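Student: Here it is, the structure in full.
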Amino acid sequence: MGPAGSEQQPAFKGYIESVREILRMPATTADPNIPAKRVTAEYCAERFAKPPKNVTMLTRDFIGDSLYNPSYGYFSKQALIFSPKEGYDFPRFRDSADFLNTIGRQYEEIERELDDIRSIPRQLWHTPTEILKPWYGYSVAQHIVRQHKADQDSRPDGGSPLTVYEMGGGNGTLMMNILDYIREHEPGIYSRMEYNLIEISPKLAKQQVSQQARKHVMPHANVNIINKSIFDWKATVDRPCFFVAMEVIDNFAHDVIRFDYVTGEPYQAFVRVYDDGEFEEYYEPVSDPLIQDYLRVRNSLASPQHRSAALPPALYRRIRSQLPLAPNLSKPEFIPTKAYEFCKVLGRYFPRHRLVLSDFYKLPDTLPGAVTSPVVQTRFNGSMVPCETYLVQPGWFDIFFPTDFELLRRIYDVECRPQGVEPMSRVCTQRAFAMENAALAQTRTRSGENPMLDFYENNKFLLS
């Protein structure tokens with residue numbers, strides 16, 4: 001994508017758009033001849049205090065602006081993280097249903113309080129870090145400590161101090177649980193370790209700093225809170241470290257591509273925002289460098305070769321193109337360009353890192369008719385309402401994606417593993433990670449059911 005205001009190429013309309021023109025059903029009553037400035041999410045963050053109009057942007061910029069704009073983005077104005085004051089005493093619960101009922105009551109109480117305080121309802125969401133605390137964080141700490149010790153034993157010089165970088169730490173709960181565990185169980189490692197938390201949100205960064213001032217524990221003095229986006233990171237960390245990213249990349253913006261049905265050429269999606277606030281999607285041949293780079297790496301993968309689920313086999317497309325009302329573009333595919341950019345940042349600036357990443361690999365209620373599409377939802381009258389398009393008012397909707405972990409692992413290895421070195425990354429389920437690292441007796445209910453094993457079954461880990 002060129003700089004803001006750069007000249008646009010002629011748009012390529014898909015079948016649905018063509019039918020709309022034939023039937024004279026415009027997406028908006030605004031004048032389409034009014035020039036539209038091409039912008040990025042970064043441009044909007046610097047210059048706009050409310051969603052802009054008469055602009056065009058790539059899909060990833062539209063989604064990124066909707067979620068992260070400091071003035072009107074979803075995470076700036078709508079989202080709150082559910083965080084019980086204390087961890088739950090799991091052996092006191094009859095079973096998992098009893099535990100869920102307790103969470104549900106607390107959830108409803110907090111939501112009622114929020115609605116009473118604010119005329120605009122805010123959205124409350126939860127993570128395994130919060131509802132399984134401190135044991136979930138302890139399991140991550142156990143994994144880090146065990147791997148750190150193995151690395152130290154393999155080095156003749158005795159190794160280096162433990163260094164941890166965490167991205168998107170939410171309320172700071174995971175950070176505190178990891179540090180508490182290492183301080184209690186590995187004081188020798190703790191005395192030399194350093195913990196760095198990279199947080200894009202100024203509001204959450206302040207919350208994370210305040211975690212250090214808890215009166216009932218001794219504050220951790222080995223913590224640095226870094227208020228910036230990982231995509232603005234420019235300093236090389238040329239020492240062994242762990243990079244932790246838990247429930248973060250599901251909100252990384254994606255681009256949308258469609259393929260020419262005859263030639264297989266990819267087209268990139270843009271969102272046009274009209275002066276009446278309506279949205280329209282259109283397509284151009286791929287020219288954005290990040291999309292081109294991602295597709296180049298993905299197409300280079302072998303054994304097995306990656307094939308897009310959006311593009312049917314060539315023989316099928318040739319036959320289909322001869323039939324009436326044949327489409328000229330394939331169905332849309334959401335591609336994880338920001339997750340790919342994150343891998344590039346890790347490979348360039350954290351060359352000696354080990355990764356601990358977890359997120360969703362499948363989700364219900366994703367957008368219909370597209371490949372690897374997101375969930376788009378908002379809260380209305382106390383309920384979460386899913387949508388059928390990502391073209392929604394910026395700031396009012398959560399937009400989050402499932403991750404193809406096997407594809408991510410292969411792309412991560414390309415960007416973060418030196419050539420000629422056998423890739424060491426692996427994917428495992430939430431259950432397998434807990435079996436390997438968690439203190440399962442502490443999260444077992446009286447019936448024998450265990451939320452640490454049974455909850456978040458749609459999560460996986462990428463470990464290196």
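The values are calculated or read from the model by the stated rules, or taken from the named source; none is laboratory data. Here the structure is a predicted model, which is why all the values come from computation and not from measurement. Cβ placement follows ideal geometry from the backbone for every residue including glycine, while neighbour counts extend to all protein chains displayed. Keep in mind that these areas ignore ligands, DNA and RNA; they rest on the heavy atoms of the full protein, side chains included. Shrake-Rupley method; radii C 1.70, N 1.55, O 1.52, S 1.80 Å.
Student: Between the stretch 255-315 and the stretch 388-464, what is the C-alpha centre distance in whole Å?
Tutor: Centre-to-centre (Cα) distance: 26 Å.
Student: Also, quick follow-up: Just from the alpha-carbon atoms, what are the Rg and Dmax of the stretch 288-441 in angstroms?
Tutor: Calculated on Cα positions, Rg and Dmax stand at 19.0, 63 Å.
Student: Ok, one more. Probe 1.4 Å, all protein chains in place: accessible area of Ser447 in Å², nearest 10?
Tutor: Spelled out: Ser447, probe radius 1.4 Å, area about 70 Å².
Student: Let me ask another. If you consider only alpha-carbon coordinates, what radius of gyration and Dmax does the stretch 39-112 have, in Å?
Tutor: 19.4, 58
Student: Then there is this: Would you mind getting the Kirkwood hydrodynamic radius of the stretch 66-107 from its Cα pairs, rounded to one decimal in Å?
Tutor: Over the stretch 66-107, the inverse of the mean reciprocal pair distance is 12.7 Å.
Student: I've got another one for you. In whole Å and largest first, what semi-axes does the C-alpha gyration tensor of the stretch 353-424 yield when each eigenvalue is scaled by 5 and square-rooted?
Tutor: One finds semi-axes of 34, 12, 10 Å for the stretch 353-424.
Student: Still on this structure, please answer the following. If one puts a single equal scatterer on every Cα of the stretch 263-358 and applies the Debye formula without solvent, what log₁₀ I(q)/I(0) results at q = 0.12, 0.13, 0.17, 0.18 Å⁻¹?
Tutor: -0.59, -0.67, -0.98, -1.04
Student: Can you give me the solvent accessible area of Asp404 with a 1.4 Å probe, rounded to the nearest 10 Å²?
Tutor: Number for this one is 80 Å².
Student: Give, in nm to one decimal, the length gained when the segment between Asn54 and Ser191 is fully stretched (0.36 nm per residue of separation minus the Cα-Cα distance).
Tutor: So the chain would gain 43.8 nm between Asn54 and Ser191.
Student: What is the ratio of the Cα radius of gyration of the stretch 199-353 to 2.2 N^0.38 Å, with N the residue count, to two decimals?
Tutor: 1.46
Student: Once fully extended, how much extra length lies between Asp98 and Leu407, figured as 0.36 nm per residue of separation less the alpha-carbon to alpha-carbon distance?
Tutor: The span from Asp98 to Leu407 would gain 107.5 nm if fully extended.
Student: If the chain between Lys149 and Met218 were fully stretched, how many nm would it gain, using 0.36 nm times the residue separation less the Cα-Cα distance?
Tutor: So the extension gain works out to 22.3 nm.
Student: Go through Lys53/Lys228; Lys77/Lys228; Lys228/Lys460; Lys234/Lys460; Lys133/Lys460 and tell me which ones have a Cα-Cα distance over 20 Å in this structure.
Tutor: Lys53/Lys228; Lys228/Lys460; Lys234/Lys460
Student: So, one more: Suppose R0 equals 25 Å; then what is the FRET efficiency for Arg239 and Arg348 from their Cβ-Cβ distance, rounded to the nearest 0.05?
Tutor: For R0 = 25 Å, the calculated efficiency reads 0.95.
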